[in-house]
Structures are given as C-alpha cells and as structure tokens.
Amino acid sequence: MTRETPAPALTKEGRGRTRERRVAYALVAPGAAYLVLIFLSIVLLLVSYSFRTEQTSRLIAPFDTGTWAEALSNPYNLAVLWTTLRVGALVTLLTVVLAYPIAWCLLRVRRWWVAGLLMFVIFSPILVSVVVRSYGWMLLLGHGGLLGGVLRGWLYHEPGVILALVHVELPFAVFPLLASLRNLPPGVLEAAADLGAPPLRRLRTVLLPLTASGIVASAQLVFALTVSAFATPSLLGGGRVTVLAQSVYQNIQQLRWPLAAAQALLLLAIALAVLALFNRLSRYADVRHRSPEGGDSR
Amino acid sequence: MSDRAIAVRSLSKSFGRKDVLNDIELTVRAGEFFSLLGPSGCGKSTALRIIAGLERPDRGRVLLGGADVTGTPPHRRPTNLVFQQGALFPHMTVFDNVAYGLRARRTGRAEITRRVAEILDVVGMSEFAGRAPSTLSGGQRQRIAIARALVGRPDVLLLDEPLSALDLGLQLRMRRELRRLQRQTGTTFVCVTHNQSEAMEVSDRIAVMNDGRVEQIGTAEELYRAPVSRFVAGFIGENNLFDTAPDPGSPGRSRADGLTFPVPGGGSPLVAVRPEFIRVVEPSDEGAIGGAVVRSVGFLGARIRIVLETSTGREVLADTDAHSSTVTVGAAVGVAVDPAHLTVVPADGRAVRSEGAAG
C-alpha cells in the first residue's frame, strides 16, 4: 500500500503539469494571435505596397523596385535616414548614461518615502502625454523661456529634439538597469575596494561587466522607442529636423503610399538590426559571465 | 611592522538608534591568529568591517601597524577581507579573481602569474585556475576567496565567518587549513565567528563580544578556566552557574539551590562549576555539598552526561567517565565539587576592560 502511493501521485502531478501548461497556452493564445497576425499582415501589406507604383493616388499592380531605389538613394531620404540613426544613437547613449546613476541611487536610498518620491519624479514623465511634454519643452527652450537664453538656438534644431527625447525615454532606461543592479551579487564591490581597486576601477572591472545585460536591455528599449518617435521630433524639430517616422507620415499625407511603406519597413529593419546587434553584445557580456561554466573551456 | 598589528581604541558605532559597538578596545599582535567570538548581533562583524575600512566608526580610532587609518578608504589599507559568502567575481575566472588585487596595485604581468600560481598551490587549487567560480563547490570557493585575499600579502587578513556557509565536515578540515595557512604565511589573522569550538581550536587569542562590548580577551584556556563575566562563563563551554547567598550558619560558605559552596571570601558571588568537575557521590559522602536526584543519564561516548535535580528543582549538569559510572535514574545522590575547580566569577564582568584582565 504505502509503496504504491508514490507512483499514482507522480502521474497525477505530471498530468497536472501538462494541464497547467495547456491552460497557460490557452490564455496566451488570443493575445499572441492578435499580435502575430496583425503584425505579419501589416508587414506583408507594406512589403507589397513598397513594390508597386502609385498613379494619381491609386496603386497599380506591376512589380517595381523604383520606390526602394528612391528610398535608399535620394539625398533627402538618405539625410532623413542618417538623422534618424544619429538622433537614435545619441539619445540612447545620453539616456543610458544618465539613467545608470539614477538607478544606482534609487537602490541606495534607505528611507522608503524618499525612494517613493524619487520613483515618482523619475517615472512622472510617463504620466504626461508626449505632446504635452513636448510643448513644455518648446516653452522652456523658446524665446523668453526659462532655458531659452542659455540654450539659445536649441529649439527647432537637433539638440532640442535630443534633449526632449532623453527626457521622454529616461524612465524606460531606468527600469532594466534597476533590475540588473538589484541582481548584483552581494559583496563584490566591497571585495573589489578591499583588494585595492579605486572607485573608477571598481566601476570598470566589476560594476559595468556585471550589469552589462541591464545596460544592453536599457539601450535596446531606448533605441527602439527613439527611432520610432514621432511627436517629439515633429514639435521640437519644427520641420527642420526630420526623422523617418515623420517622413513616413508626410509621404502618406502626399499619398505616396509605396515610399511610405518602404520607409516604414526601413524603420522596422533598423530597429530589428539594432536589437539583434545589442543581443549579440549582451550574449558577449553573458559569455564573459558564464563561458567557463560550460566546463573546462581551456 | 610593529609588534602591534592592530590597535582599536574606544571604537563606537551605531546604526540608527541601535548601538552596535560600544567603546571597543582591542590590540592584536603581529603574526597572531585572533578571533572575535560572540553571538549574532554582538557587533563582531561590524568591528571587522571597520578595521577593513568598509564601515566608518562614529567614534574611536583604528591603528594598523602603528599608523592611524581611521579615515583611510579600504583600497588604501594594508588589510584584506575574506567575505562570508566569498564574494568572488562571477564574471571572472579563478585566476582573474585571484589576480584582481595584484592588477589593481599594478603588479607586473610575470609577477602576477608567478604569485597567483604560488598562492593557488598553497590553497591546493592549482588545477582550477581557468574555471568560473560558479563551477566550484562551497569549500573550493572559500579557498579561492582566501587565496584572493592573501595573494597581495596583506599585513592583516580579516575573515568574516569564513566557514559558516560550509557543511560540518568541511568546516573541521578548513579550520586546520586556516591555521596552517596562517603559520605558513606568517600573516596576522583576525577571524570573526560565532562558533566557539572553531575559535578555540584555531586562535592564539580570542575576544569574546556581547551586545557591542568586549567581555574578555584571552587564550581559549583562560576564557574556559577563568571567565571574568557571567556572559563568558555561560557562553564558553557548558557551565553550571549559581547565584549564591551567604550561608548564615557557616562563615566562608555560600549557598544556592540547596547546595553549599566553599567560597573563600564568603558573600554572594556568582559561582561557576563545569560539568566535568561535578562528582556524583553517595548521599552520605563527607565531600558532598548537597543532595540531588538523578533525572537522566545520557551516553555521549567518552563521557556520560548526568542531569541532576537539586531540592529546589534546579538542574545541574555533571559529566563522568563513561567506563566507571554506575548511576541510575531516580537515585538520590550527593553532589561533590573539588574546591580547586570552583570558579568565582567577578560580579560585573563588564567593568573589567579588555586586555590584562585575563592574561
């Protein structure tokens, strides 16, 4: 009797587990189907648009690569592409560099209400509409604005766009950094100090490598959000700074559907390429983290 | 280096409202294996971290080799700390972990290779140089942590509960290992532990700490034979403690729990008698200081542990030779004590300040 009990218990447990899994799949299915189907159909539609030509506001069928040639060779379009990449890279760099010490301090605050207040201050930008925030920056940077004197000429130029975008993306950069800093093994920074490493060396040899995955995740998120930003560059760029998202919008307005489609796909490609690149980087960081774990690698 | 490796002077520290250290005085001699022993929360780890420079004292000074380092940051102190959980760098190989301190102090490449190989050999981990810490066992990790702290040849090696995360068998082996390393390298070791047998086995001297104060400093034997406070008498080894009162009938004797103790000065001292010095005799025996009933008899191997109960219901522990004892449970017996092994504990041990008191 007593000997037989474990066997059925095990099967029951196993059966329970498969059932659990099935329920989980069932719960995920609608959302996943929605995301995948809509995303895929839109991408396919865009691909088909980008290879057709448009005549008097109507798409005509024949296969044509002229749109892609225009998107990738026309100097104006290339300039837009380059601006998008440059703004994206600069905003990502600045945001992550600013977010890192913020995340660090957030974890070090002992008093709960100070921590709560800091959290609120850092994450408050998310609570306000992007359009409102951008107008706020326009007021600050504009003629007679609080920063208009110091940062003269930033409004309606790239620096103004970058400044406002950094502000918008900062909370998103803090999240992944907080998570990875929280996972820092206890004592390693003290050990580094104790072994004679001054602060900068501790940062370079211990803190940054051990939080690399968080830095990469944070950069991925900020870059993806920045290159697809529309409202902030439109408002603060004042028409002088044009990024891909705006260009897509303009082309749609001018009923140049194929070019809009090609540029939208380009935007997607950039985001995916950079995500992949960062993933590579994060795996590199992980290899440093774990490579010898796989056994005797030497 | 001067003869005094570490001098800690009237050190105090509190976290918020809690006083963690209260006017601590310590002197550690060069080349000594010194332990800070006490229950958890007694402040021993904080004292160690202050010596390492990882914590700042509220008051008091820390001198290393005669130089005042109270305000010196940890990376400029001639001390290295072995952390409780090892705190190895998970993203580095064993070699890079051990080389970390040498690289931070800009040692030459060839010198680093030589010294890392040398210290890995000393801790018996030479084959593991290329491994990641996560692939090592707890004991191996602790060896690497010790090697990493020792490779820079610190004046003082500080160890924060270095063996507490290991299983018992490994702990016992690592104790001897620590002692061997200390002798072999001639380094001053200061080890924090809550494990009294560990402290007693490996240390030259031990400071017993309680509630943020140093209760007594001495060799294991001094602490065992001549405790200067109630806390030390009760904390080190097992003890029978009696709060006595003067015996009105006979001067030079004090009573507690139905037993009469020969106390030279009389009065009401705290009397301590180790279980091994309590003898179980016939009730009518001349040497008996009182009567008791045998409550239980336990076989411990070399010894038998007898639990007695006096007329007032007080439990008294007595250990006897396992091979000659004939005590039976429930028997009425006499309790005898050799006056030479009766310790009178000073009334207020806390008033006795640090060194000199015991040694």
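General observations
- Within segment B:244-262, tally of residues that are part of a loop (DSSP other than H, G, I, E, B) and either under 22 Å from B:ARG305 (Cα atoms) or not polar (S, T, N, Q) (or both): 7
- B:LEU157 vs. criteria within 8 Å of chain A (Cβ to nearest Cβ), buried (at least 24 other Cβ atoms within 10 Å of the Cβ) and either within 25 Å of B:LEU172 (Cα to Cα) or among the small types (Gly, Ala, Ser) (or both): no
- Per the listing A:LEU235, A:LEU221, the residue uniquely crowded, with 20+ Cβ neighbours inside 10 Å, without any contact (Cβ under 8 Å) to a residue 60 or more places away in the chain, part of a helix (DSSP H, G or I) and more than 14 Å from chain B (Cβ to nearest Cβ) is A:LEU221.
- Evaluation of B:GLU55 against the conditions (1) buried (at least 19 other Cβ atoms within 10 Å of the Cβ); (2) assigned to a loop (DSSP other than H, G, I, E, B); (3) more than 8 Å from chain A (Cβ to nearest Cβ) shows that the sole unmet condition is (1).
- Candidates A:ILE252, A:ILE215, filtered to the one that is without any contact (Cβ under 8 Å) to a residue 12 or more places away in the chain and either assigned to a helix (DSSP H, G or I) or surrounded by fewer than 19 Cβ atoms within 10 Å (Cβ to Cβ) (or both): A:ILE252
- Output for segment B:272-295, where each listed residue is more than 18 Å from B:LEU342 (Cα to Cα) and in contact with a Leu (Cβ under 8 Å, 6 or more places away or on another chain): B:ALA292, B:VAL293, B:VAL294, B:ARG295
- Scanning segment B:71-87 for residues that are more than 21 Å from the chain's Cα centre (by Cα) and either assigned to a loop (DSSP other than H, G, I, E, B) or facing chain A (nearest Cβ under 7 Å) (or both) gives B:GLY71, B:THR72, B:PRO73, B:PRO74, B:HIS75, B:ARG77, B:PRO78, B:ALA87.
- Filtered residue count, segment A:129-154, keeping only those that are assigned to a loop (DSSP other than H, G, I, E, B) and out of contact with any Gly (no Cβ under 8 Å at 6 or more places or on another chain): 10
- Residues of segment B:208-262 classified as in contact with a helix residue (DSSP H, G or I) (Cβ under 8 Å, 6 or more places away or on another chain), buried (at least 22 other Cβ atoms within 10 Å of the Cβ), of a type outside the set (S, T, N, Q) and closer than 25 Å to B:LYS18 by Cβ, total: 6
- Hits in segment A:255-282 - residues which are among the polar types (S, T, N, Q) and either in a loop (DSSP other than H, G, I, E, B) or closer than 15 Å to A:ARG52 by Cα (or both): A:GLN263
- B:ARG131 among the basic types (Lys, Arg), in a helix (DSSP H, G or I) and farther than 19 Å from A:PRO198 by Cα: no
- In the set B:GLY258, B:GLY265, B:GLY212, only one residue is at pLDDT 90 or above and not aromatic (Phe, Trp, Tyr); that residue is B:GLY212.
- Search result, residues across segment B:107-121 that are more than 23 Å from B:GLY186 (Cβ to Cβ) and hydrophobic (A, V, I, L, M, F, W, C): B:ALA110
- Residue in segment B:91-106 that is within 23 Å of the chain's Cα centre (by Cα) and on the phi > 0 side of the Ramachandran plot present: no
So that you can scan it fast, the table gives a plain yes or no per residue for (1) more than 22 Å from A:GLY214 (Cα to Cα); (2) in the same structural domain as A:PRO209 (by TED's automatic domain parsing); (3) over 20 Å from the mean Cα position of the chain (by Cα); (4) buried (at least 22 other Cβ atoms within 10 Å of the Cβ):
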site: A:LEU140; (1), (2), (3), (4): yes, yes, yes, no
site: A:GLY145; (1), (2), (3), (4): yes, yes, yes, no
site: A:GLY153; (1), (2), (3), (4): yes, yes, yes, no
site: A:VAL168; (1), (2), (3), (4): no, yes, no, yes
site: A:PRO176; (1), (2), (3), (4): no, yes, no, yes
site: A:ASN183; (1), (2), (3), (4): no, yes, yes, no
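- Selection status of B:SER197, away from every other protein chain (no Cβ under 14 Å), within 15 Å of the chain's Cα centre (by Cα) and buried (at least 23 other Cβ atoms within 10 Å of the Cβ): no
- Yes/no for B:ARG9 being in the same structural domain as B:THR219 (by TED's automatic domain parsing) and either in a strand (DSSP E or B) or free of Cβ contacts under 8 Å to residues at least 40 places away in the same chain (or both): yes
- Segment B:92-107, subset buried (at least 23 other Cβ atoms within 10 Å of the Cβ) and within 8 Å of chain A (Cβ to nearest Cβ), residue farthest from B:LEU158 (Cα to Cα): B:TYR100
- Pairs where the first residue, in segment B:165-180, is in the same structural domain as B:PHE33 (by TED's automatic domain parsing) and charged (D, E, K, R) and the second is surrounded by 15 or more Cβ atoms within 10 Å (Cβ to Cβ) and assigned to a helix (DSSP H, G or I), C-beta under 6 Å, 6+ apart: B:ARG175/B:GLU198; B:ARG175/B:GLU201; B:ARG175/B:VAL202; B:ARG179/B:VAL202
- Elements of the type helices (runs of 4 or more DSSP H) sitting completely within segment B:134-243 and holding at least 2 residues that are farther than 29 Å from B:ASP3 by Cβ and touching a Phe, Trp or Tyr at 6+ places or on another chain (Cβ under 9 Å): these cover B:138-150.
- Condition met for B:ALA110 (at pLDDT 95 or above, surrounded by fewer than 18 Cβ atoms within 10 Å (Cβ to Cβ), under 19 Å from B:ALA145 (Cβ atoms) and more than 13 Å from chain A (Cβ to nearest Cβ)): no
- Any hit, segment B:58-67, residues being of a type outside the set (D, E, K, R) and free of Cβ contacts under 8 Å to residues at least 24 places away in the same chain: yes
- Residue match in segment A:115-123 (condition: surrounded by 18 or more Cβ atoms within 10 Å (Cβ to Cβ) and assigned to a helix (DSSP H, G or I)): yes
- Selection of segment A:185-206 for residues being among the charged types (D, E, K, R), surrounded by fewer than 19 Cβ atoms within 10 Å (Cβ to Cβ) and at the interface with another protein chain (Cβ under 7 Å from one of its Cβ atoms) yields only A:ARG201.
- Conditions (1) within 13 Å of another protein chain (Cβ to nearest Cβ); (2) among the acidic types (Asp, Glu); (3) farther than 27 Å from B:ASP167 by Cβ; number of the one not met by B:GLU118: (1)
The values are calculated or read from the model by the stated rules, or taken from the named source; none is laboratory data. The structure presented is a predicted model; accordingly, all values stated were derived computationally and were not measured. FYI the Cβ positions are ideal-geometry reconstructions off the backbone, even for glycines, and counts take in every protein chain you see.
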